[in-house]
Amino acid sequence: MAAFTHHIFVCCNRREPGNARGCCDPDGGEALRSAFKTEIKKRRLGPLVRANKAGCLDQCELGPTVVIYPQAIWYGGVKLSDVPRIIDETVIGGRILDDLLIPEAKLNNPPATRKAE
């Protein structure tokens, strides 16, 4: 089997309501992950493109967070409505969506320094 061209990890971590760091999957339904799986299937991109749930990706203040490997593209503030665009523009078209991209300077920084602008 060929290697994945895109492996999409969708943060499905949950925290108690009101947590200062936020929560990527507040209702616990994994709706964002399901939307990615649906769009991948609709476009017949499997088995080379896969969407998996991830535990905490530690970018909570910028979430919901999605990371696409092997390209190492980190997207934050992802909404259900963004999923088709991510598949079409990034996975199929190879373009990075600047409005969702988490700047490298904010990745893996202490929470107080990476709050969304």
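The values are calculated or read from the model by the stated rules, or taken from the named source; none is laboratory data. Treat the numbers as computed from the prediction; the structure is a model and nothing was measured. Please note: Cβ atoms are built from the backbone with ideal geometry, for glycine as well, and neighbour counts cover all protein chains shown.
Scan region 1-56 for residues that are closer than 19 Å to Ile87 by Cβ and of a type in the set (S, T, N, Q) and report the count.
Selection size over region 1-56: 4.
Name the single residue that is surrounded by the fewest Cβ atoms within 10 Å (Cβ to Cβ) among those in region 33-47 being over 16 Å from Cys12 (Cβ atoms) and modelled with pLDDT of 95 or more. Walk me through how you get there before you give the answer.
Of all residues in region 33-47, those over 16 Å from Cys12 (Cβ atoms) come to 39-47.
Then keep just the ones that are modelled with pLDDT of 95 or more; that gives 39-45.
Working: Glu39: 20, Ile40: 21, Lys41: 12, Lys42: 10, Arg43: 14, Arg44: 7, Leu45: 17.
The residue in question is Arg44.
Consider Ala20 against the criteria (1) at pLDDT below 95; (2) over 22 Å from Ala105 (Cβ atoms); (3) surrounded by fewer than 19 Cβ atoms within 10 Å (Cβ to Cβ): it satisfies all of them except one. Which criterion is unmet?
(2)
I'm told Gln59 meets every condition in (1) under 16 Å from Val10 (Cβ atoms); (2) at pLDDT 95 or above except one. Can you identify the failing condition by its number?
Failing condition for Gln59: (2).
Take the residues in region 71-107 that are among the small types (Gly, Ala, Ser) and over 13 Å from the mean Cα position of the chain (by Cα); name whichever of them is modelled with the lowest pLDDT. Talk me through it step by step, then tell me what you get.
First pass over region 71-107, keeping only residues among the small types (Gly, Ala, Ser): 72, 76-77, 81, 93-94, 105.
Those still in the list that are over 13 Å from the mean Cα position of the chain (by Cα) too: 93-94, 105.
Working: Gly93: 97, Gly94: 96, Ala105: 86.
Looking at the filtered set, the residue picked out is Ala105.
Residue check: is Lys37 of a type outside the set (Phe, Trp, Tyr) and without any contact (Cβ under 8 Å) to a residue 12 or more places away in the chain? Talk me through it step by step, then tell me what you get.
Working: of a type outside the set (Phe, Trp, Tyr): yes; without any contact (Cβ under 8 Å) to a residue 12 or more places away in the chain: no.
Considered against the rule, which asks whether it is of a type outside the set (Phe, Trp, Tyr) and without any contact (Cβ under 8 Å) to a residue 12 or more places away in the chain, Lys37 comes out as no.
Within region 1-17, work out how many residues are within 29 Å of Pro47 (Cβ to Cβ) and either modelled with pLDDT under 90 or more than 15 Å from the chain's Cα centre (by Cα) (or both).
Taking region 1-17 and keeping what is within 29 Å of Pro47 (Cβ to Cβ), we get 1-14.
Filter again for either modelled with pLDDT under 90 or more than 15 Å from the chain's Cα centre (by Cα) (or both), leaving 1-5, 13-14.
Total satisfying the criteria: 7.
Identify, please: which residue in region 58-91 is in a helix (DSSP H, G or I) and of a type in the set (Ser, Thr, Tyr) and is, among those, farthest from Pro103 (Cα to Cα)?
Step by step, filter region 58-91, then rank; the result is Ser81.
Residue by residue, here is whether (1) over 13 Å from Leu57 (Cβ atoms); (2) assigned to a helix (DSSP H, G or I) holds:
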| position | (1), (2) |
| --- | --- |
| Ile8 | no, no |
| Asn13 | no, no |
| Pro17 | yes, no |
| Arg21 | no, no |
| Thr38 | yes, yes |
| Arg44 | yes, no |
